[in-house]
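A.B. asks: Just dropping this structure here.
The values are calculated or read from the model by the stated rules, or taken from the named source; none is laboratory data. None of the values given here were measured: they were computed from a predicted structure. Heads up, the Cβs are rebuilt from the backbone with ideal geometry, glycines too, and the neighbour counts pull from every protein chain shown. These accessible areas exclude ligands, DNA and RNA; they are computed on the full protein's heavy atoms, side chains included. Shrake-Rupley method; radii C 1.70, N 1.55, O 1.52, S 1.80 Å.
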Amino acid sequence: MEALEEKLGYRFTNRALLENALTHSSYANENKAKEAQSNERLEFLGDSVLGMVTADYLYRTHPDLPEGDLTRTRAALVCEGSLVEVAQLLNLGAYLKLGKGEDAGGGRERPSIVADAVEAVLAAVYLDGGIGSARKIIQKFILSREVAGLTKPRDYKTALQELVQRESGQVLGYQLIGAEGPDHAKIFSVEVDLNGIPIGQ
């Protein structure tokens, strides 16, 4: 635990909060006699703390950005992929309390589990040390990514729509012309037209 606190740059007054943040539901279910509590409630709180701190930061540091850009940047910062990278920096999977089956099944590397644990840890810091302490950790591990320019939106459809809508009366149309790959990772081909004329012609 001390090694994790060292990486976080935060020392807990109530270390039970950190223990709780690292306890997955699979472990809690297997250890009901010990009255182990899962980190799900902390995850719920941490999600809100992270969202609020990130929104506040973006609002204050980007006074010229419209709401749509703020929303997309926040989404990129707090998405599962971003939180998984934070978990990897902290080696968080190594500290998790998992049920035997979840542990054997690779739960320590499962993106959803480690991302949820990051949110739970943020909530634990918030409850232990207040919003200022949580903000410092969010700044260090998450908001610094925005400063580094790692969160530029990749939503090309929205970017195209915004470009076209700069002139009034412009209408974009989309037609699915093909799909390939397995159901869980299908790649779609779409033809786009502007005012009824295919783009590129």
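A.B. asks: Please work out if VAL78 is within 25 Å of GLU2 (Cβ to Cβ) and hydrophobic (A, V, I, L, M, F, W, C).
C.D. replies: no
A.B. asks: Might you let me know whether segment 150-171 holds any residue that is open to solvent by less than 70 Å² (accessible area, probe 1.4 Å) and at pLDDT 80 or above?
C.D. replies: no
A.B. asks: For segment 115-146, what are the residues that are farther than 14 Å from ASN20 by Cα, modelled with pLDDT of 95 or more and of a type in the set (Val, Ile, Thr)?
C.D. replies: Of everything in segment 115-146, those that are farther than 14 Å from ASN20 by Cα, modelled with pLDDT of 95 or more and of a type in the set (Val, Ile, Thr) turn out to be ILE131, ILE137, ILE138.
A.B. asks: For ASP64, only one of the following conditions fails: (1) at pLDDT below 95; (2) part of a helix (DSSP H, G or I); (3) within 19 Å of LEU143 (Cα to Cα). What is its number?
C.D. replies: (2)
A.B. asks: A follow-up question, please. Within segment 30-40, track down each residue that is surrounded by 13 or more Cβ atoms within 10 Å (Cβ to Cβ) and either part of a helix (DSSP H, G or I) or of a type in the set (A, V, I, L, M, F, W, C) (or both).
C.D. replies: Passing the criteria: GLU30, ALA36, GLU40.
A.B. asks: Any residue in segment 166-178 that is within 15 Å of ILE199 (Cβ to Cβ) and aliphatic (A, V, I, L, M) sitting within a Cβ distance under 6 Å of a residue that is in a strand (DSSP E or B) and open to solvent by 100 Å² or more (accessible area, probe 1.4 Å)? List the pairs, counting only those 6 or more apart or interchain.
C.D. replies: none
A.B. asks: Which members of segment 97-142 meet the condition of being among the small types (Gly, Ala, Ser), touching a residue at least 24 places away in the same chain (Cβ under 8 Å) and assigned to a helix (DSSP H, G or I)?
C.D. replies: GLY101, GLY107, SER112, ALA115, ALA117, ALA120, ALA123, ALA124, GLY129, SER133, ALA134
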